[in-house]
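A quick write-up on the structure given underneath.
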Amino acid sequence: QQQVKQSPQSLIVQKGGISIINCAYENTAFDYFPWYQQFPGKGPALLIAIRPDVSEKKEGRFTISFNKSAKQFSLHIMDSQPGDSATYFCAANRIGYQKVTFGTGTKLQVIP
Amino acid sequence: DTGVSQDPRHKITKRGQNVTFRCDPISEHNRLYWYRQTLGQGPEFLTYFQNEAQLEKSRLLSDRFSAERPKGSFSTLEIQRTEQGDSAMYLCASSARAANDQETQYFGPGTRLLVL
């Protein structure tokens, strides 16, 4: 059972554009929503995370928007750069529980 | 480099053989996790240790899989009688409890397994 659904599967954005990746979750017990960035040959690395008591969190060019009632959250990458080309995973877990449930990933390509 | 390390990085084996992977977590981290990642998918949780105790196991972890963390430091993941369906990237992560309970899991580079 896929508890975190992610779209799109792949995304091509021009340099300077906005990249948007969407996720939806089913389990209302989830209360922590991290995003991970993975480069080829590397393990995932935490990019940014949000708790459902806020609707938006921004760190540099990366913003998470969270809609608790719709059980949806999204990652926005402003001023996308070629160095942002990677696979992005949304994830969810319950604080205090160690199992993290990942989405299926979005392969982002930023073209010059 | 003081991050999570995994060995080997790549393993090719024949169906039916046993394989063992090693993970060395960040030294002060008491929690260690194993995940499996197949092509085009996100990591799937396999198991988790707090110190030397294995506290949770996924249903994905069949009886051919065994994980240990004997002294609460490094961990090993063994797959017995490998099958072609075991071909995947095996990721290890570690974390330490944070004051706000929002732990960050730090991932290693993974061991890519190919079963022929």
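The values are calculated or read from the model by the stated rules, or taken from the named source; none is laboratory data. These numbers come from a predicted model, not from an experiment. Here the Cβ is made from the backbone with ideal geometry for all residues, glycine too, and neighbour counts use every protein chain on show. Note: accessible area is taken over every heavy atom of the protein model, side chains too, but ligands, DNA and RNA are not part of it. Shrake-Rupley method; radii C 1.70, N 1.55, O 1.52, S 1.80 Å.
Table for the structure above
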item	result
Sparsely packed chymotrypsin sites (Phe, Trp or Tyr not before Pro) within segment A:19-103, loop by DSSP, other Cβ within 10 Å at most 16	A:Y97
Segment A:E26-A:K107, length gained on full extension (0.36 nm per residue, minus Cα span)	26.9 nm
Computed lengthening from B:R22 to B:T2, 0.36 nm per intervening residue step minus Cα-Cα distance	5.6 nm
Pairwise burial A:B, computed as accessible area of each alone minus the pair, summed, 1.4 Å, Å²	1600 Å²
A:A70/A:S10 FRET efficiency (R0 30 Å; Cβ-Cβ; nearest 0.05)	0.80
FRET E, pair B:L116, B:S62, Förster distance 22 Å, beta-carbon r, rounded to 0.05	0.65
Other protein chain Cβ atoms within 10 Å, averaged over every residue that makes up A:98-106	6
With DNA, RNA and ligands ignored, accessible area of A:K5 (1.4 Å probe; Å², nearest 10)	110 Å²
Choice from B:S87, B:S62, B:S95 with maximal GNM fluctuation in chain B (Cα, 10 Å cutoff)	B:S62
Within a Gaussian network of chain A (alpha carbon springs, distance under 10 Å), most fluctuating of A:Q72, A:Q37, A:Q14	A:Q14
Total lysine pairs whose alpha carbons fall under 17 Å of each other in segment A:1-102 (8 or more apart, or interchain)	5
Net charge, A:T28 excluded, C-beta distance under 13 Å - Lys, Arg +1, Asp, Glu -1	+1
Cβ-defined net charge surrounding A:G60, 12 Å radius [Lys, Arg +1; Asp, Glu -1]	0
Solvent exposure, largest accessible area first (probe 1.4 Å, DNA, RNA and ligands not counted), of A:R61, B:R69	A:R61, B:R69
